[in-house]
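A short write-up of the structure that comes next.
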Amino acid sequence: MKPLIKLITFLLLSLSLFLISCLKEDKIDLEPIDEEFRIYSDKNYPSIPSHEIAISNQRFLGGANANDDNNGSKDAPWATFDKALQELAASSTWYCLNIASDITVNSFIDTKFYGPGPGKPSQFAYIRSAPSLSTPAKLTLNARVEIDGQENWLWYGFEMTGSEGINLGEDTPTNHHTIRNVVGKMTGSGGDNHGFFQALNYNSDYFGIFNCNFTGPGVISDGVHGNTAAIIAFRVTHMRIENNVITNAPRPLYYKHSNQSINGPADIHIKYNYQPETSTGESCFFAGKAEGGVFEITNNIFSSDVEISNGGGSEQPDGHFISHNTFLSDLKIQNGNDPVINATIENNVILGNLELLRYKTNTNTNTSNYQLLGGNIYYQSEEYTLAQWKVNSVPDNQDLNSIAGFPRFLDPIINPKSYELQMNSPGKGAASNGQDIGARTDYVGNKF
């Protein structure tokens, strides 16, 4: 038996050395097997508490016997959202507000003078639909709510409707607000810089929206204001917008103006979102510089045009990434007040056209490659086929590995997974990392 044991040992050792050699010489990129996808969370964007919250740390809004003269206990809940917010902002002990029934807001609410609230980095204040409800509580906003001066809040699991939204940080710092698993359907005609949640004026840094489903009130042709959005953020330095479904607004997702350097380098991530087009006239719009740091738009599926303006930022030569998205219409890299510069645009499916500083005279400094392009490329005043652009590109050697053609998605198109590439797609395995060009569809959209 000893010679047989020696032979088996020799063969196993040889096989191990061969595999190690392959990994070193050929640099095989091994992906994790059966890795479970998890929606992002960390200390700045916390997930919902996994432990049971002590009843002493909870108060209740709505339900039987609701009255603003009550103490907010389960058996004596408050009646109005304004009263509940006043009490939460004044609290230094309890931190969990349960919405125990449908609530309507008919008068403007501003929390600026209500107090700082109990939220702190180690324990966010927590506003949620009461876990005992069989269907989530619905918050109807017929008047705007301004959360102003209260930090470290987590919003979770309720529904929203009505013609107004929740503004964060109108006048004072209102940082660290995370919104998770909220479903909204807006009514009315919208308004200028109007959305379900709006982060404002440098004051709402660390703004995160995850796994929400927001449907706007329509588009301009429906009489809706052109700056109506589902999610809108001004001048935010740290932001994560991930795994949301957003649709039926002139600007389903709207980021504008430059971040403030005093808050540090930009750390902005727009990932795994799905924008199905409900109405013709929708267009996601990113119109703000992100000075320094990272601004990434990756692994999203956009059914409508996407416009990016002022997005490069003169201080971030390596930080602006537009990669592994599936654009079902045009991708427009615009000029705005300043041109988008130094962005890396790669591994995207672009079913329509790619516009680079179209109608302007600025020189392109962005890098584009490994696209699957269904349309043409427009640079300044010129139109190019992909073949022509490879020869005449500015800078030189752009899109040398890009492919002209139709992506060939799975049929029928019913959800994000439907936009996975078929085996005979020209973009299959053709990305710079050997994966498929376009979004990783099994990660996109709501996950429950």
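Some points to look at:
- Some residue of the range 384-401 being surrounded by fewer than 14 Cβ atoms within 10 Å (Cβ to Cβ) and either acidic (D, E) or under 26 Å from the mean Cα position of the chain (by Cα) (or both): yes
- Residue ranges of strands (runs of 3 or more DSSP E) in the range 185-268 with at least 1 members among the small types (G, A, S) and within 25 Å of Q150 (Cα to Cα): 197-199, 207-210, 229-234
- Among the residues of the range 40-92, those identified as hydroxyl-bearing (S, T, Y) and modelled with pLDDT of 95 or more are Y40, S41, Y45, S47, S56, S73, T80, S91.
- Per-region count, the range 329-346, residues modelled with pLDDT under 80 and buried (at least 21 other Cβ atoms within 10 Å of the Cβ): 1
- Here the range 113-126 is the region considered, the condition is being surrounded by 15 or more Cβ atoms within 10 Å (Cβ to Cβ) and touching a Gly at 6+ places or on another chain (Cβ under 9 Å), and the residue that is farthest from N175 (Cα to Cα) is Y114.
- In the set N263, N325, only one residue is closer than 26 Å to N201 by Cα, of a type in the set (S, T, N, Q) and in contact (Cβ under 8 Å) with a residue 24 or more places away in the chain; that residue is N263.
- If only residues of the range 217-275 that are modelled with pLDDT of 90 or more and on the phi > 0 side of the Ramachandran plot are counted, the one that is surrounded by the fewest Cβ atoms within 10 Å (Cβ to Cβ) is G223.
- Qualifying positions in the range 259-297 - out of contact with any strand residue (DSSP E or B) (no Cβ under 9 Å at 6 or more places or on another chain) and polar (S, T, N, Q): Q260, S261, T280
- Candidate set: the range 68-100, residues that are assigned to a helix (DSSP H, G or I) and among the small types (G, A, S); chosen: the one farthest from R128 (Cα to Cα): A90
- Residue pairs meeting the criteria (Cβ under 6 Å; at least 6 apart or on separate chains; first at negative phi and at pLDDT below 95, in the range 293-311; second assigned to a loop (DSSP other than H, G, I, E, B) and surrounded by fewer than 24 Cβ atoms within 10 Å (Cβ to Cβ)): V294/G319; E307/Q334; S309/Q334; S309/G336
- Taking the criterion of being within 18 Å of the chain's Cα centre (by Cα) and surrounded by fewer than 22 Cβ atoms within 10 Å (Cβ to Cβ), the only residue of the range 186-195 that qualifies is N193.
- Subset of the range 411-425 (residues that are loosely packed, with under 15 Cβ neighbours inside 10 Å and assigned to a loop (DSSP other than H, G, I, E, B)): D411, P412, I413, I414, Q422, M423, N424
- Residue within the range 112-120 that is within 22 Å of N181 (Cα to Cα), modelled with pLDDT of 95 or more and among the hydroxyl-bearing types (S, T, Y) present: no
- Of all residues in the range 62-73, those that are crowded, with 16+ Cβ neighbours inside 10 Å and either on the phi < 0 side of the Ramachandran plot or among the polar types (S, T, N, Q) (or both) total 2.
- Some residue of the range 210-225 being aliphatic (A, V, I, L, M) and either over 20 Å from T161 (Cβ atoms) or in contact with a Cys (Cβ under 6 Å, 6 or more places away or on another chain) (or both): yes
- Residue within the range 314-325 that is over 22 Å from H257 (Cβ atoms), at pLDDT 80 or above and in a strand (DSSP E or B) present: yes
The values are calculated or read from the model by the stated rules, or taken from the named source; none is laboratory data. Remember, predicted model here, so these are calculated numbers, not experimental data. Positions of Cβ are backbone-derived with ideal geometry, glycine not excepted, and every protein chain shown enters the neighbour counts.
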